[in-house]
Ligand code: ADP
Ligand code: MG
């Protein structure tokens, strides 16, 4: 980066030492370059005026011109509310300040024309504008059409760096930019995608000539940000392959063929076959497999995992299957043992609760190669767990395992084992590309035949008795039922009370000896939880009242009704995960979403989506739209990406473009030696050097 852009921010005209301290602290702006990358989040068209009469039809912000006709103060509780009547030729609207009225009041002079800027909101039966921007019309600067709006903080604002103040200092920087901004993208890409130069983009994003230019600037900068992110991810992948290479499995091997031809209880779905082919390719090409397998709940990932592991075994390697909880690990173990009961494959289970002696036997079996498949929890990661020749690791439910844990499994053999990560929470494509950019992605987008779609409905508390009646009739058919309560840290005590109240109500309505009810929650001891869980699994109890501890993976095919209490409090992906606990048998299954009467717009959207569709990928897209990537991937992971302008939720198309272009370049020129790629190489090198934490992984 050139010297000019590296200049400390205090040397910019209009900043000085005091404001510099604030800019660093409040906005992370240390240099000219940082300020230049402090992008506006929207623009206002200051050449346009709306009229008061059109406000009710208008969505978003409006600019008005008129006078103040009346000012009053209302005391509401401890607060004083300032209300001003504002009038133009078409009507009157109230401007309202809930805070800071003291400062505003003296500004509200009569008979002076004001420019007002704000968003009209329906308040009771009439519209008003809360906390508008207000400037005397005389004092408005009229030279510009589009004006950039920046986010600011209270402290910045008090020191003359409200959005307007920030705009002022940025403008003073922007006028010095010409000829100082180096290009980072090759001409070929810019031409092909119609991207404006970096310099023009940085000028236009802050001081756009018009809306078209502002959009061009945003697109160029978003593309650049995503392009380098994708390049970085692909490059990391290349480096890790080159360093190690991967085990080659030349054959599918005997156990695979034997199982496939003689013991497979059903035909694979097209999607399962396709994914197996993709995995097979990875095993043959000498690369190290790092593959993410996405498939909705019930899509048959376990079987794919088994067939994958059998390929490893048939080539003289051992396999491991890791799950996030003991319950899940045991279930996988039982499933595998059952699938393999007529074959000579040795499966072992290792979890935290395996005793010392048994553990030692497992350790031995692993080291002398007697054990072919080890199923377990985190316990597998421990250093004492050593394999004779581990070739393939399958990790179920990625969300609970991080990259670092994957890396620990890699260390279990001199050449790292292949890794297949399975997740049942579909991740929107653009997020998967970015957050798991170092993984290849396979998708099972087809359910096994004959599955009946789960029928989902939304019921209010007032329908409780009808719901109980429905439960009764389903149990009369021999079905089992889950009733799930939310449990959130912030309201833990209250939530436990609700759970217990619910349990009591159900126990009263469904009394012994005819009905038996289980309860499982986080405050119970692990052994008690396990005991209650097993009673339900074995069919000894018909109703399982639980908190979300049952969310992940549990398989009780006879359970056909899922009732989710206070479902407005769950996120979409969680609702979908919970619903996936039913619909596993041959019977028609049901999901009932119970809620209170009052629902926010978002809750309504979530419930509607759940009722409308069973498609996990569709649900994931709606979820992304509602929550944004930070909430879906965890803010920590999201923060790591540090995106300044691109939005993974909204810029999906650009993500794909960036990915395709990055891939194309690395395919043609993996070391970026072509002179045309010099600029990219330089920037990429800087990016990668600035993130040392990656090196420990690859
Ligand atoms: P998930 O992807 O949620 O892990 P599972 O692997 O548990 O799904 O599979 C769900 C159920 O579907 C299991 O009972 C499994 O045996 C069954 N199954 C898997 N593949 C097929 C198939 N091709 N045809 C019929 N049933 C299948
Ligand atoms: Mg599963």
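On average over all directions, what projected area in square nanometres does the range 48-142 have, based on the convex hull of its Cα atoms? Can you show the working numbers first?
Values: hull surface 25.2 nm².
Value for the range 48-142: 6.3 nm².
If R0 equals 25 Å, the separation of the Cβ atoms of residue 493 and residue 538 corresponds to a calculated FRET efficiency of about 0.15. Against the main long axis of the alpha-carbon atoms of the chain, helix 356-367 sits at an angle near 90°.
From least to most packed, judged by other beta carbons within 10 angstrom and beginning with the fewest, 212, 375 follow the order 212, 375. A full extension of the chain between residue 558 and residue 604 corresponds to an added length of 13.5 nm, given 0.36 nm per residue minus the alpha carbon distance.
Could you tell me what % of all Cα pairs in the range 6-95 have separations over 19 Å? Of all Cα-Cα pairs in the range 6-95, 64 percent lie more than 19 Å apart.
Normalised by residue count, the range 357-506 yields a Cα convex hull volume of 250 Å³ per residue.
Each part reduced to its alpha carbon centroid, the range 249-312 and the range 125-203 end up 53 Å apart. Straightening the chain between residue 441 and residue 25 buys 145.8 nm, computed as 0.36 nm per residue apart minus the Cα-Cα spacing.
Computed from the Kirkwood radius of its Cα pairs, the Stokes-Einstein diffusion coefficient for the range 553-599 at 20 °C and 1.002 mPa s stands at 191 µm²/s. Compute the long axis of helix 652-668 from its Cα atoms, compare it with the longest principal axis of the Cα atoms of the chain, and write down the angle in degrees, 0 to 90, nearest 10. It works out to around 70 degrees.
The angle between the Cα long axis of helix 211-244 and the main principal axis of the chain comes to about 30°, on a 0 to 90 degree scale. Largest first, the extents of the alpha carbon coordinates of the range 286-400 on the three principal axes equal 38, 31, 30 Å. Per residue, the convex hull spanned by the Cα atoms of the range 328-381 measures out at 73 cubic angstrom.
Between residue 509 and residue 462, the distance separating the two model label sites (each 7 Å from Cα on the Cα→Cβ line) works out to 1.7 nm.
Peptides 564-577, 67-80 ranked from most to least packed, by the mean per-residue count of other Cβ atoms within 10 Å: 564-577, 67-80.
Multiplying the sequence separation of residue 4 and residue 452 by 0.36 nm and subtracting their Cα-Cα distance, what value in nm do you get?
Numbers: separation 448, 0.36 × 448 = 161.28 nm, distance 6.49 nm.
Taking residue 4 through residue 452 to full extension adds about 154.8 nm, to one decimal.
Per the Debye calculation on the chain with a single equal scatterer at every Cα and no solvent contribution, log₁₀ I(q)/I(0) for q = 0.08, 0.09, 0.12 Å⁻¹ amounts to -0.82, -0.99, -1.32.
The alpha-carbon positions of the range 483-533 define a convex hull whose volume is 76 Å³ per residue. In this label model, residue 364 and residue 139 are separated by 8.7 nm, measuring between points 7 Å along each Cα→Cβ vector. The packing ranking of peptides 309-321, 477-489, highest mean first, is 309-321, 477-489, where packing means the average number of other beta carbon atoms within 10 angstrom of each residue.
So what is the diffusion coefficient of the range 400-477 in µm² per second by Stokes-Einstein at 25 °C and 0.890 mPa s, using a Kirkwood Rh over Cα pairs?
Taking Rh from Cα pairs, D becomes 140 µm²/s.
Once both labels are positioned 7 Å from their Cα atoms along Cα-to-Cβ, the gap between residue 111 and residue 78 label points is 4.1 nm. Summarising the overall dimensions of the range 152-240 from its C-alpha atoms, the Rg and Dmax are 16.4, 50 angstrom.
Structural size metrics of the range 234-344, computed from C-alpha coordinates, are Rg and Dmax of 14.8, 45 Å.
In percent, what relative contact order does the range 35-161 have, based on Cα pairs under 8 Å that are 6 or more apart in sequence? Mind showing how you got there, number by number?
Working: 230 pairs, mean separation 37.2, N = 127.
About 29 percent, as a whole number.
Annotation: the range 139-295 has a Kirkwood hydrodynamic radius of 21.2 angstrom, from the mean reciprocal C-alpha pair distance.
Rounded to the nearest 0.05, what FRET efficiency is calculated for residue 612 and residue 158 with R0 set to 60 Å and r the Cβ-Cβ distance?
Details: r = 48 Å, r/R0 = 0.80.
After rounding, the FRET efficiency stands at 0.80.
For the range 455-613, take N as its residue count and report Rg(C-alpha) divided by 2.2 N^0.38 Å.
Numbers: Rg = 14.6 Å, N = 159, 2.2 N^0.38 = 15.1 Å.
Output field value: 0.97.
Counting every Cα pair in the range 420-535, what percent are over 24 Å apart?
On the way: 3502 of 6670 pairs.
Pairs farther apart than 24 Å: 53 percent.
Take every pair of alpha-carbon atoms less than 8 Å apart whose residues are at least six positions apart; their mean separation over the length of the chain yields a relative contact order of 12 percent. Counting only DSSP beta bridges with both residues in the chain, the antiparallel share comes to about 40 percent. Distance from the C-alpha centroid of the range 1-36 to that of the range 42-107: 35 Å, rounded to the whole angstrom. Taken over the range 561-691, the ratio of Cα radius of gyration to 2.2 N^0.38 Å equals 1.50.
Dividing the helix sum by the residues of the chain, where each DSSP H run of 4 or more adds -39500 (n - 2.57), gives a mean residue ellipticity at 222 nm of -12500 deg cm²/dmol.
Rule-based calculations on the coordinates, nothing more; no lab input. Everything quoted here is computed from the prediction, not taken from an experiment. Every residue, glycine among them, receives a Cβ derived from its backbone with ideal geometry; neighbour counts consider all protein chains shown.
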